[in-house]
Amino acid sequence: MIEIAFSSSFKKIFKKKIKANEELETKFWKAIQTFIFDPFDASLRTHKLSGQLKDLWSFSVEYDTRIVFYFEEKNKAVLINIGKHDEVY
């Protein structure tokens with residue numbers, strides 16, 4: 001099981017982009033539940049990023065909504081960004 005922390009920048013983006021969209025917020029919490037129990041569940045399409053973002057990972061909330069995060073410890077992840085593919089990469 002993974003412990004999750006939210007960066008302050010993630011909280012701001014979440015409030016602005018996700019909180020206003022009830023359907024997307026529901027999908028977000030469902031993805032978070034899946035991530036907590038298995039961060040590499042196939043439905044999340046979790047993958048390591050490359051280039052300037054090489055220390056970060058990403059998983060999908062829905063087709064074009066991604067969460068960018070890093071592992072702070074083996075069982076702790078810090079979410080740092082959420083948005084459409086072109087916004088977060």
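Read-outs: derived from the displayed coordinates by stated rules, not from any lab. The model shown is predicted, which means the values in this text are computed figures rather than measured ones. Virtual Cβ from ideal backbone geometry, glycine too; neighbours counted across all protein chains shown.
Collect residues whose amide H, placed 1.01 Å from N in the peptide plane, falls under 5 Å from the amide H of LEU49; neighbours closer than 5 in sequence don't count.
Result for LEU49 returns LEU56, TRP57, SER58.
Hey, what do the phi angles of the range 59-71 turn into as Karplus ³J(HN,Hα) couplings, whole Hz, using 6.51/-1.76/1.60 and θ = phi - 60°, x for Gly and Pro?
My calculation for the range 59-71 gives 9, 9, 8, 8, 3, 10, 10, 10, 10, 9, 8, 9, 8 Hz in order.
What trypsin sites (Lys or Arg not before Pro) does the chain have in DSSP loop regions with at most 14 other beta carbons within 10 Å? Mind showing how you got there, number by number?
Numbers: sites: LYS11, LYS12, LYS15, LYS16, LYS17, LYS19, LYS27, LYS30, ARG45, LYS48, LYS54, ARG66, LYS74, LYS76, LYS84; in loops: LYS19, ARG45, LYS54, LYS74.
Filter output for the chain: LYS19, ARG45, LYS54, LYS74.
Please label the shape of the chain as rounded, prolate or oblate, based on the square roots a ≥ b ≥ c of the eigenvalues of the alpha-carbon gyration tensor (a/c under 1.5 means rounded; beyond that, a/b larger than b/c means prolate, else oblate). Provide the component values of the computation, followed by the final result.
Details: a/c = 1.36, a/b = 1.19, b/c = 1.15.
Rounded shape, in that the Cα axes give a/c under 1.5.
Using amide H atoms built 1.01 Å from N in the peptide plane, name the residues 5+ places from ASN81, or on other chains, whose amide H lies under 5 Å from its own.
VAL68
Show me, for the range 12-21, the HN-Hα J-couplings you get by feeding each phi into the Karplus relation (A = 6.51, B = -1.76, C = 1.60, θ = phi - 60°), rounded to Hz, glycine and proline as x.
So the J values, rounded to whole Hz, are 5, 5, 4, 4, 6, 9, 9, 4, 6, 10.
Could you give each residue of the range 72-81 its phi-based ³J(HN,Hα) in whole Hz, using Karplus coefficients 6.51, -1.76, 1.60 with θ = phi - 60°, and x for Gly or Pro?
These are the phi-based 3J(HN,Hα) values: 7, 9, 4, 10, 9, 10, 10, 7, 10, 7 Hz.
Note down the relative contact order for the range 3-88 as a percent, whole number, built from C-alpha pairs under 8 angstrom at least six residues apart.
Values: 123 pairs, mean separation 26.4, N = 86.
Computed value for the range 3-88: 31 percent relative contact order.
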